[in-house]
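Reviewing the structure listed below.
The values are calculated or read from the model by the stated rules, or taken from the named source; none is laboratory data. Quantities reported herein were computed from a predicted structural model and do not represent experimental measurements. Cβ placement follows ideal geometry from the backbone for every residue including glycine, while neighbour counts extend to all protein chains displayed. Heads up: the accessible areas ignore ligands, DNA and RNA and are worked out on the full protein's heavy atoms, side chains in. Shrake-Rupley method; radii C 1.70, N 1.55, O 1.52, S 1.80 Å.
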Amino acid sequence: MDDATHGPLAGFTVGVTAARRADELIALLRRRGAAVIHAPALRIVPLADDSELMAATKELVDNPPDAVVATTAIGFRGWIEAADGWGIGEQLLERLRTTELLARGPKVKGAVRAAGLVEAWSPQSESLAEVLDRLLADGVAGRRIALQLHGEPLPGFVEALRDGGAEVVPVPVYRWMPPEDLAPLDRLLDAIAVGAVDAVSFTSAPAAASLLSRAAERGLREAVLEALRGPVAAACVGPVTALPLQAEGVATVQPERFRLGPLVQVLCRELPGRARVLPVAGHRLEIRGHAVLVDDGLRPVPPAGMALLAALARRPGWVVSRAELLRALPGAGTDEHAVETAMARLRAALGAPRLIQTVVKRGYRLSLDAGEGEGWSVGADVR
(Lines give C-alpha, C1' and ligand atoms only; values in the text may rest on other atoms or scores of the structure.)
Protein backbone atom coordinates (compact mmCIF):
# COMPACT_ATOMS: atom_id res chain seq x y z
CA MET A 1 0.00 0.00 0.00
CA ASP A 2 1.36 3.40 -0.97
CA ASP A 3 0.26 5.61 1.93
CA ALA A 4 2.61 8.33 0.76
CA THR A 5 0.44 8.68 -2.37
CA HIS A 6 -3.03 8.14 -0.97
CA GLY A 7 -2.73 8.75 2.76
CA PRO A 8 -3.24 6.10 5.45
CA LEU A 9 -6.94 7.02 5.82
CA ALA A 10 -7.77 7.04 2.11
CA GLY A 11 -10.95 5.06 1.50
CA PHE A 12 -12.20 5.47 5.07
CA THR A 13 -14.99 7.70 6.38
CA VAL A 14 -14.68 9.27 9.83
CA GLY A 15 -17.43 11.01 11.80
CA VAL A 16 -16.37 14.09 13.78
CA THR A 17 -18.58 15.06 16.75
CA ALA A 18 -16.48 17.97 18.01
CA ALA A 19 -18.04 21.41 18.42
CA ARG A 20 -14.84 23.37 19.06
CA ARG A 21 -11.54 22.85 17.23
CA ALA A 22 -13.50 20.79 14.71
CA ASP A 23 -11.83 22.54 11.75
CA GLU A 24 -8.39 21.54 13.02
CA LEU A 25 -9.40 17.90 13.48
CA ILE A 26 -11.14 17.73 10.09
CA ALA A 27 -8.09 19.20 8.36
CA LEU A 28 -5.81 16.61 9.98
CA LEU A 29 -8.10 13.77 8.88
CA ARG A 30 -8.52 15.00 5.31
CA ARG A 31 -4.78 15.59 4.98
CA ARG A 32 -4.39 11.86 5.56
CA GLY A 33 -7.00 10.96 2.97
CA ALA A 34 -10.16 10.43 5.04
CA ALA A 35 -13.66 11.43 4.01
CA VAL A 36 -15.27 13.29 6.93
CA ILE A 37 -18.84 13.64 8.17
CA HIS A 38 -18.98 16.60 10.56
CA ALA A 39 -21.86 16.47 13.02
CA PRO A 40 -21.40 18.59 16.15
CA ALA A 41 -23.03 16.70 19.02
CA LEU A 42 -23.05 19.78 21.28
CA ARG A 43 -22.91 23.54 21.43
CA ILE A 44 -21.48 25.75 24.14
CA VAL A 45 -23.76 28.19 25.94
CA PRO A 46 -22.18 31.70 25.94
CA LEU A 47 -20.59 32.30 29.32
CA ALA A 48 -22.17 35.68 29.97
CA ASP A 49 -25.63 34.08 29.77
CA ASP A 50 -24.94 31.55 32.53
CA SER A 51 -26.36 32.72 35.86
CA GLU A 52 -24.86 29.71 37.69
CA LEU A 53 -21.35 30.85 36.78
CA MET A 54 -22.06 34.37 38.03
CA ALA A 55 -23.38 33.05 41.35
CA ALA A 56 -20.36 30.72 41.81
CA THR A 57 -17.92 33.52 40.96
CA LYS A 58 -19.46 35.99 43.42
CA GLU A 59 -19.45 33.30 46.12
CA LEU A 60 -15.72 32.64 45.58
CA VAL A 61 -14.94 36.38 45.68
CA ASP A 62 -16.78 36.71 48.99
CA ASN A 63 -15.52 33.44 50.46
CA PRO A 64 -12.03 32.63 49.08
CA PRO A 65 -11.10 28.96 48.45
CA ASP A 66 -7.87 27.28 49.51
CA ALA A 67 -7.21 25.99 45.99
CA VAL A 68 -8.57 26.39 42.47
CA VAL A 69 -8.25 23.77 39.71
CA ALA A 70 -8.36 25.15 36.16
CA THR A 71 -9.23 22.35 33.74
CA THR A 72 -9.48 23.94 30.26
CA ALA A 73 -7.84 26.93 28.60
CA ILE A 74 -11.00 28.11 26.84
CA GLY A 75 -12.99 27.74 30.04
CA PHE A 76 -10.49 29.64 32.18
CA ARG A 77 -10.22 32.50 29.67
CA GLY A 78 -13.99 32.65 29.39
CA TRP A 79 -14.37 32.74 33.16
CA ILE A 80 -12.11 35.78 33.46
CA GLU A 81 -13.82 37.52 30.53
CA ALA A 82 -17.28 36.83 31.96
CA ALA A 83 -16.25 38.16 35.38
CA ASP A 84 -14.96 41.33 33.68
CA GLY A 85 -18.34 41.71 32.02
CA TRP A 86 -20.08 41.47 35.38
CA GLY A 87 -17.74 44.09 36.88
CA ILE A 88 -15.99 41.70 39.27
CA GLY A 89 -13.01 40.68 37.13
CA GLU A 90 -10.38 42.40 39.30
CA GLN A 91 -11.84 40.91 42.48
CA LEU A 92 -11.71 37.42 40.95
CA LEU A 93 -8.10 37.88 39.80
CA GLU A 94 -7.11 39.08 43.26
CA ARG A 95 -8.64 35.96 44.82
CA LEU A 96 -6.83 33.73 42.31
CA ARG A 97 -3.50 35.45 43.10
CA THR A 98 -3.83 34.58 46.78
CA THR A 99 -4.89 30.94 46.42
CA GLU A 100 -3.16 27.77 45.24
CA LEU A 101 -3.89 27.62 41.52
CA LEU A 102 -3.42 24.28 39.74
CA ALA A 103 -3.53 24.19 35.93
CA ARG A 104 -4.27 20.98 34.04
CA GLY A 105 -1.45 20.94 31.52
CA PRO A 106 0.48 23.38 29.30
CA LYS A 107 -2.49 24.88 27.43
CA VAL A 108 -4.30 25.77 30.65
CA LYS A 109 -1.05 27.09 32.11
CA GLY A 110 -0.79 29.39 29.09
CA ALA A 111 -4.27 30.78 29.77
CA VAL A 112 -3.38 31.31 33.44
CA ARG A 113 -0.20 33.21 32.52
CA ALA A 114 -2.10 35.30 29.94
CA ALA A 115 -4.39 36.47 32.76
CA GLY A 116 -1.36 37.75 34.67
CA LEU A 117 -1.40 34.87 37.14
CA VAL A 118 1.13 32.19 38.07
CA GLU A 119 0.10 28.60 38.69
CA ALA A 120 1.34 26.75 41.76
CA TRP A 121 1.69 23.50 39.81
CA SER A 122 0.83 21.94 36.46
CA PRO A 123 1.41 18.42 35.05
CA GLN A 124 3.03 17.93 31.65
CA SER A 125 0.49 15.33 30.53
CA GLU A 126 -2.76 17.35 30.74
CA SER A 127 -4.04 14.50 32.90
CA LEU A 128 -6.70 15.45 35.43
CA ALA A 129 -5.81 12.24 37.26
CA GLU A 130 -2.34 13.66 37.97
CA VAL A 131 -3.89 16.82 39.39
CA LEU A 132 -6.08 14.70 41.65
CA ASP A 133 -3.08 12.64 42.81
CA ARG A 134 -1.17 15.83 43.61
CA LEU A 135 -4.05 17.25 45.68
CA LEU A 136 -4.59 14.01 47.60
CA ALA A 137 -0.86 13.59 48.25
CA ASP A 138 -0.70 17.08 49.77
CA GLY A 139 -3.83 16.37 51.84
CA VAL A 140 -7.27 17.86 51.23
CA ALA A 141 -8.97 17.35 54.62
CA GLY A 142 -10.63 20.57 55.70
CA ARG A 143 -9.65 22.42 52.52
CA ARG A 144 -12.06 24.31 50.27
CA ILE A 145 -11.30 23.53 46.61
CA ALA A 146 -12.91 25.26 43.63
CA LEU A 147 -13.10 23.10 40.48
CA GLN A 148 -13.61 24.74 37.10
CA LEU A 149 -15.83 22.26 35.27
CA HIS A 150 -15.49 21.67 31.54
CA GLY A 151 -19.03 20.79 30.56
CA GLU A 152 -19.64 17.83 32.85
CA PRO A 153 -19.72 17.23 36.62
CA LEU A 154 -16.56 15.04 36.81
CA PRO A 155 -18.12 12.86 39.55
CA GLY A 156 -15.08 10.63 40.15
CA PHE A 157 -12.81 13.62 40.69
CA VAL A 158 -15.27 15.40 42.98
CA GLU A 159 -16.06 12.27 44.98
CA ALA A 160 -12.38 11.49 45.56
CA LEU A 161 -11.80 14.98 46.95
CA ARG A 162 -14.88 14.81 49.17
CA ASP A 163 -13.89 11.36 50.40
CA GLY A 164 -10.56 12.93 51.39
CA GLY A 165 -12.39 15.50 53.52
CA ALA A 166 -12.43 18.48 51.14
CA GLU A 167 -15.28 20.88 50.48
CA VAL A 168 -15.65 21.08 46.69
CA VAL A 169 -17.08 24.19 45.01
CA PRO A 170 -18.06 23.48 41.37
CA VAL A 171 -17.52 26.37 38.95
CA PRO A 172 -19.63 25.68 35.80
CA VAL A 173 -17.66 27.86 33.40
CA TYR A 174 -19.53 26.79 30.28
CA ARG A 175 -22.43 24.49 29.66
CA TRP A 176 -22.89 21.93 26.92
CA MET A 177 -26.26 21.91 25.17
CA PRO A 178 -27.66 19.93 22.21
CA PRO A 179 -26.89 21.52 18.83
CA GLU A 180 -29.45 23.95 17.49
CA ASP A 181 -29.44 22.14 14.13
CA LEU A 182 -29.86 18.41 14.74
CA ALA A 183 -29.87 17.42 11.05
CA PRO A 184 -26.08 16.77 10.75
CA LEU A 185 -26.10 14.68 13.94
CA ASP A 186 -29.08 12.69 12.68
CA ARG A 187 -27.30 12.02 9.38
CA LEU A 188 -24.24 10.76 11.27
CA LEU A 189 -26.40 8.51 13.47
CA ASP A 190 -28.05 7.03 10.38
CA ALA A 191 -24.62 6.39 8.86
CA ILE A 192 -23.34 4.74 12.05
CA ALA A 193 -26.40 2.52 12.35
CA VAL A 194 -25.92 1.07 8.85
CA GLY A 195 -22.10 0.92 9.05
CA ALA A 196 -21.58 3.67 6.45
CA VAL A 197 -18.76 5.19 8.52
CA ASP A 198 -15.58 3.43 9.61
CA ALA A 199 -14.92 5.43 12.78
CA VAL A 200 -16.37 8.17 14.96
CA SER A 201 -14.11 10.55 16.86
CA PHE A 202 -14.97 12.02 20.26
CA THR A 203 -13.12 14.85 21.99
CA SER A 204 -15.36 15.23 25.07
CA ALA A 205 -17.47 12.97 27.25
CA PRO A 206 -20.54 15.22 26.88
CA ALA A 207 -20.37 14.79 23.10
CA ALA A 208 -20.40 11.01 23.45
CA ALA A 209 -23.29 11.18 25.90
CA SER A 210 -25.19 13.57 23.65
CA LEU A 211 -24.79 11.32 20.61
CA LEU A 212 -26.17 8.33 22.52
CA SER A 213 -29.01 10.44 23.92
CA ARG A 214 -30.05 11.61 20.46
CA ALA A 215 -29.83 8.03 19.19
CA ALA A 216 -32.23 6.96 21.95
CA GLU A 217 -34.66 9.77 21.05
CA ARG A 218 -34.76 8.48 17.47
CA GLY A 219 -35.05 4.81 18.38
CA LEU A 220 -31.54 4.08 17.09
CA ARG A 221 -29.71 3.53 20.37
CA GLU A 222 -29.27 -0.24 20.07
CA ALA A 223 -28.36 -0.08 16.38
CA VAL A 224 -25.76 2.61 17.04
CA LEU A 225 -24.30 0.78 20.02
CA GLU A 226 -24.13 -2.48 18.06
CA ALA A 227 -22.22 -0.71 15.30
CA LEU A 228 -19.83 0.96 17.76
CA ARG A 229 -19.24 -2.38 19.47
CA GLY A 230 -18.42 -3.93 16.10
CA PRO A 231 -17.36 -2.54 12.74
CA VAL A 232 -17.35 1.19 13.58
CA ALA A 233 -14.33 2.26 15.63
CA ALA A 234 -14.91 4.69 18.52
CA ALA A 235 -11.83 6.92 18.83
CA CYS A 236 -11.63 9.04 21.99
CA VAL A 237 -9.08 11.71 22.80
CA GLY A 238 -8.67 10.35 26.36
CA PRO A 239 -10.06 8.10 29.10
CA VAL A 240 -12.50 10.67 30.51
CA THR A 241 -14.02 11.16 27.06
CA ALA A 242 -14.42 7.39 26.68
CA LEU A 243 -16.40 6.84 29.90
CA PRO A 244 -19.97 7.20 28.48
CA LEU A 245 -19.14 4.73 25.69
CA GLN A 246 -17.32 2.23 27.88
CA ALA A 247 -20.30 2.24 30.26
CA GLU A 248 -22.31 0.82 27.34
CA GLY A 249 -19.78 -1.90 26.53
CA VAL A 250 -18.15 -0.02 23.65
CA ALA A 251 -14.42 -0.65 23.32
CA THR A 252 -12.56 2.55 22.44
CA VAL A 253 -9.16 3.42 20.99
CA GLN A 254 -7.21 6.28 22.56
CA PRO A 255 -3.85 7.98 22.06
CA GLU A 256 -1.23 8.04 24.81
CA ARG A 257 -1.12 11.84 24.61
CA PHE A 258 -4.53 13.46 24.81
CA ARG A 259 -4.23 15.72 21.76
CA LEU A 260 -5.88 15.89 18.33
CA GLY A 261 -2.72 14.95 16.40
CA PRO A 262 -2.15 11.71 18.33
CA LEU A 263 -5.87 10.93 18.05
CA VAL A 264 -5.59 11.07 14.26
CA GLN A 265 -2.45 8.93 14.38
CA VAL A 266 -4.36 6.27 16.32
CA LEU A 267 -6.94 6.17 13.51
CA CYS A 268 -4.13 5.96 10.95
CA ARG A 269 -3.04 2.72 12.61
CA GLU A 270 -6.43 1.35 13.62
CA LEU A 271 -8.44 1.61 10.41
CA PRO A 272 -5.91 0.14 7.96
CA GLY A 273 -5.36 -2.62 10.53
CA ARG A 274 -9.06 -3.51 10.29
CA ALA A 275 -9.12 -3.61 6.48
CA ARG A 276 -9.54 -7.00 4.79
CA VAL A 277 -6.55 -7.90 2.60
CA LEU A 278 -6.83 -10.72 0.05
CA PRO A 279 -4.60 -12.07 -2.75
CA VAL A 280 -6.97 -12.15 -5.73
CA ALA A 281 -6.13 -12.95 -9.37
CA GLY A 282 -2.50 -12.02 -8.84
CA HIS A 283 -3.38 -8.72 -7.17
CA ARG A 284 -3.36 -7.46 -3.60
CA LEU A 285 -6.92 -6.46 -2.72
CA GLU A 286 -7.40 -4.28 0.38
CA ILE A 287 -11.06 -3.57 1.14
CA ARG A 288 -11.64 -0.25 2.92
CA GLY A 289 -14.82 1.60 3.85
CA HIS A 290 -15.74 3.26 0.54
CA ALA A 291 -12.78 2.30 -1.66
CA VAL A 292 -10.50 -0.59 -2.52
CA LEU A 293 -6.75 -0.65 -2.93
CA VAL A 294 -5.90 -2.82 -5.92
CA ASP A 295 -2.17 -3.24 -5.47
CA ASP A 296 -1.17 0.41 -4.90
CA GLY A 297 -4.07 1.94 -6.81
CA LEU A 298 -6.97 3.46 -4.86
CA ARG A 299 -10.30 2.64 -6.51
CA PRO A 300 -13.45 4.37 -5.19
CA VAL A 301 -16.41 1.99 -5.20
CA PRO A 302 -20.12 2.95 -4.97
CA PRO A 303 -22.12 1.71 -1.94
CA ALA A 304 -23.89 -1.06 -3.87
CA GLY A 305 -20.57 -2.36 -5.14
CA MET A 306 -19.05 -2.30 -1.65
CA ALA A 307 -22.02 -4.30 -0.36
CA LEU A 308 -21.45 -6.98 -3.02
CA LEU A 309 -17.69 -7.03 -2.42
CA ALA A 310 -18.19 -7.39 1.33
CA ALA A 311 -20.51 -10.37 0.74
CA LEU A 312 -17.96 -12.02 -1.56
CA ALA A 313 -15.07 -11.31 0.81
CA ARG A 314 -16.81 -13.01 3.72
CA ARG A 315 -16.19 -16.30 1.87
CA PRO A 316 -13.30 -15.64 -0.52
CA GLY A 317 -13.03 -18.25 -3.25
CA TRP A 318 -16.51 -19.62 -2.59
CA VAL A 319 -19.43 -19.14 -4.95
CA VAL A 320 -22.03 -16.72 -3.59
CA SER A 321 -25.47 -17.03 -5.17
CA ARG A 322 -27.28 -14.18 -6.86
CA ALA A 323 -30.08 -14.52 -4.33
CA GLU A 324 -27.65 -14.02 -1.44
CA LEU A 325 -25.98 -11.09 -3.17
CA LEU A 326 -29.39 -9.55 -3.81
CA ARG A 327 -30.09 -9.64 -0.07
CA ALA A 328 -26.81 -7.82 0.52
CA LEU A 329 -27.77 -4.95 -1.81
CA PRO A 330 -29.36 -1.99 -0.01
CA GLY A 331 -32.97 -1.58 -1.16
CA ALA A 332 -32.57 -3.84 -4.19
CA GLY A 333 -36.01 -5.46 -4.04
CA THR A 334 -36.56 -8.87 -5.66
CA ASP A 335 -35.11 -8.50 -9.16
CA GLU A 336 -31.82 -10.39 -9.47
CA HIS A 337 -31.01 -8.25 -12.49
CA ALA A 338 -30.02 -5.60 -9.92
CA VAL A 339 -27.12 -7.87 -8.92
CA GLU A 340 -25.85 -8.04 -12.51
CA THR A 341 -26.05 -4.27 -12.88
CA ALA A 342 -24.27 -3.60 -9.57
CA MET A 343 -21.67 -6.27 -10.36
CA ALA A 344 -20.87 -4.69 -13.72
CA ARG A 345 -20.35 -1.33 -12.00
CA LEU A 346 -18.20 -2.95 -9.31
CA ARG A 347 -15.95 -4.59 -11.89
CA ALA A 348 -15.60 -1.28 -13.74
CA ALA A 349 -14.76 0.51 -10.49
CA LEU A 350 -12.09 -2.06 -9.58
CA GLY A 351 -10.49 -1.71 -13.01
CA ALA A 352 -9.60 -5.42 -13.12
CA PRO A 353 -12.56 -7.53 -14.25
CA ARG A 354 -10.80 -10.84 -13.53
CA LEU A 355 -10.90 -10.18 -9.79
CA ILE A 356 -14.50 -11.46 -9.73
CA GLN A 357 -15.56 -14.56 -11.64
CA THR A 358 -19.04 -15.33 -12.88
CA VAL A 359 -19.99 -18.94 -12.21
CA VAL A 360 -22.69 -19.75 -14.77
CA LYS A 361 -26.11 -20.50 -13.25
CA ARG A 362 -24.65 -20.32 -9.75
CA GLY A 363 -23.39 -16.84 -8.88
CA TYR A 364 -20.07 -15.06 -8.39
CA ARG A 365 -16.83 -15.52 -6.49
CA LEU A 366 -13.58 -13.73 -5.79
CA SER A 367 -10.74 -15.24 -7.83
CA LEU A 368 -8.68 -16.10 -4.77
CA ASP A 369 -5.12 -17.07 -5.66
CA ALA A 370 -4.45 -20.80 -5.58
CA GLY A 371 -3.53 -22.17 -2.16
CA GLU A 372 -5.00 -19.17 -0.35
CA GLY A 373 -8.39 -20.61 0.52
CA GLU A 374 -10.92 -23.34 0.14
CA GLY A 375 -14.08 -23.58 -1.88
CA TRP A 376 -12.74 -24.01 -5.42
CA SER A 377 -14.87 -26.25 -7.63
CA VAL A 378 -12.74 -28.25 -10.01
CA GLY A 379 -13.94 -27.84 -13.57
CA ALA A 380 -16.54 -25.20 -12.66
CA ASP A 381 -17.90 -23.31 -15.62
CA VAL A 382 -16.55 -19.82 -14.95
CA ARG A 383 -16.01 -16.69 -16.99
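Name the long-range amide H neighbours of Val16: under 5 Å, sequence gap of 5 or more, or other chain; modelled H, no Pro or chain starts.
Ile37, His38, Ala39, Ser201
Where the only charges are on Cβ atoms (+1 Lys, Arg; -1 Asp, Glu), what is the dipole of the range 7-56 about its Cα centre, to the nearest 20 debye? Can you show the working numbers first?
On the way: 6 positive and 5 negative charges, 88 e Å.
Dipole about the Cα centre, nearest 20: 420 debye.
Between Glu24 and Gln91, what is the label-to-label distance in nm when each label sits 7 Å out along the Cα-to-Cβ direction?
3.4 nm
Under a point spin-label approximation (7 Å from Cα along Cα-to-Cβ), what is the Ala141-Asp181 distance to one decimal in nm?
A separation of 5.6 nm, rounded to one decimal place.
Quick one: Karplus J couplings for the range 26-43, per residue in order, coefficients 6.51, -1.76, 1.60, θ = phi - 60°, nearest Hz, x for Gly and Pro?
Once rounded to whole Hz, the list reads 4, 4, 4, 5, 5, 4, 9, x, 6, 8, 10, 10, 9, 9, x, 8, 8, 9.
Under 5 Å between amide H atoms, partner at least 5 residues away or on a different chain: which partners does Val169 have, H built in plane at 1.01 Å?
Residues meeting the amide H criterion: Ile145, Ala146, Leu147.
Report Rg(Cα)/(2.2 N^0.38 Å) for the range 103-256, keeping two decimals.
Details: Rg = 18.1 Å, N = 154, 2.2 N^0.38 = 14.9 Å.
With N residues counted in the range 103-256, Rg over 2.2 N^0.38 Å equals 1.22.
With Rg and Dmax of the Cα atoms in Å defined as stated, name the option among [x] 26.5, 90; [y] 23.6, 79; [z] 21.8, 70 computed from the structure displayed.
[x]
Using just the helices of the chain, give the 222 nm mean residue ellipticity in deg cm²/dmol: DSSP H runs with n ≥ 4 each add -39,500 (n - 2.57), and the total is spread over all residues, rounded to 500.
Values: 16 runs with 165 residues, N = 383.
Taken over the chain, the calculation gives -13000 deg cm²/dmol.
Restricting to Cα atoms and excluding each atom paired with itself, what does the Kirkwood estimate give for the range 230-383 in Å? List each step's numbers first, then the result.
Numbers: mean 1/r = 0.0577 Å⁻¹.
About 17.3 Å for the range 230-383.
Using the Cα centre of the chain as origin and beta-carbon charges of +1 (Lys, Arg) and -1 (Asp, Glu), tell me which of Pro8, Ala311, Phe202 is placed farthest towards the positive end of the dipole.
The listed residue farthest towards the positive side: Ala311.
Over the chain, with a Gaussian network built from C-alpha contacts below 10 Å, which listed residue (Thr17, Thr341, Thr358) shows the highest mean-square fluctuation?
Thr341
Pairs of Cα atoms under 8 Å, at least six residues apart: use those to get the relative contact order of the chain, whole percent.
Working: 690 pairs, mean separation 57.2, N = 383.
Relative contact order comes out at 15 percent.
Measure nothing fancy, just the Cα-based angle from helix 337-350's long axis to the longest principal axis of the chain, in degrees from 0 to 90, nearest 10.
70 degrees
Sequence gap at least 6, Cα distance under 8 Å: using those rules, report the relative contact order of the range 17-153 to the nearest whole percent. Working shown, then result.
Working: 163 pairs, mean separation 33.7, N = 137.
Relative contact order comes out at 25 percent.
Efficiency by 1/(1 + (r/R0)^6): what FRET value for Val45 and Gln246, r their Cβ-Cβ distance, R0 = 30 Å, to the nearest 0.05? Write down the numbers at each step before the final one.
Numbers: r = 27 Å, r/R0 = 0.90.
Approximately 0.65, to the nearest 0.05.
Taking a ≥ b ≥ c as the square roots of the eigenvalues of the Cα gyration tensor of the range 117-174, is the shape rounded (a/c under 1.5), prolate (a/b larger than b/c) or oblate? Display every interim value, and only then the final one.
Values: a/c = 1.39, a/b = 1.04, b/c = 1.34.
Because its axes are fairly even, with a/c under 1.5, the range 117-174 counts as rounded.
Mind checking which of Ala120, Asn63, Phe76 is farthest towards the positive end of the chain's charge dipole, using Cβ charges of +1 (Lys, Arg) and -1 (Asp, Glu) about the Cα centre?
Phe76
How many angstrom lie between the C-alpha centres of the range 243-312 and the range 173-199?
21 Å
Would you mind telling me which residue in Lys58, Lys107, Lys361 has the biggest mean-square fluctuation in a Gaussian network model of the chain, where springs connect alpha carbons within a distance under 10 angstrom?
Greatest mean-square fluctuation among the candidates belongs to Lys361.
With everything on Cα atoms, drop me the angle between helix 183-193 and the longest principal axis of the chain, reported from 0 to 90° to the nearest 10.
Computed tilt is about 50 degrees.
State to the nearest 20 debye the size of the charge dipole of the chain about its Cα centre, where the only charges are +1 on K and R beta carbons and -1 on D and E beta carbons. Intermediate results must be reported in sequence, preceding the final value.
Details: 43 positive and 46 negative charges, 290 e Å.
About 1400 debye.
Looking only at Gly75, Gly116, Gly165, which one moves most when the chain is put into a Gaussian network model with springs between Cα atoms under 10 Å?
For the chain, modelled as a Gaussian network with Cα springs under 10 Å, the answer is Gly116.
Based on Cβ point charges of +1 for Lys and Arg and -1 for Asp and Glu, what charge dipole magnitude is obtained for the range 1-129 about its Cα centre, in debye rounded to the nearest 20? Please list the in-between numbers first.
Details: 14 positive and 17 negative charges, 104 e Å.
Magnitude of the dipole: close to 500 debye.
Rank Ser321, Ser210, Ser51 by accessible area, highest first, at a 1.4 Å probe radius? Don't skip to the answer; put the middle values down first.
On the way: Ser321 40, Ser210 20, Ser51 85 Å².
Greatest to least solvent exposure: Ser51, Ser321, Ser210.
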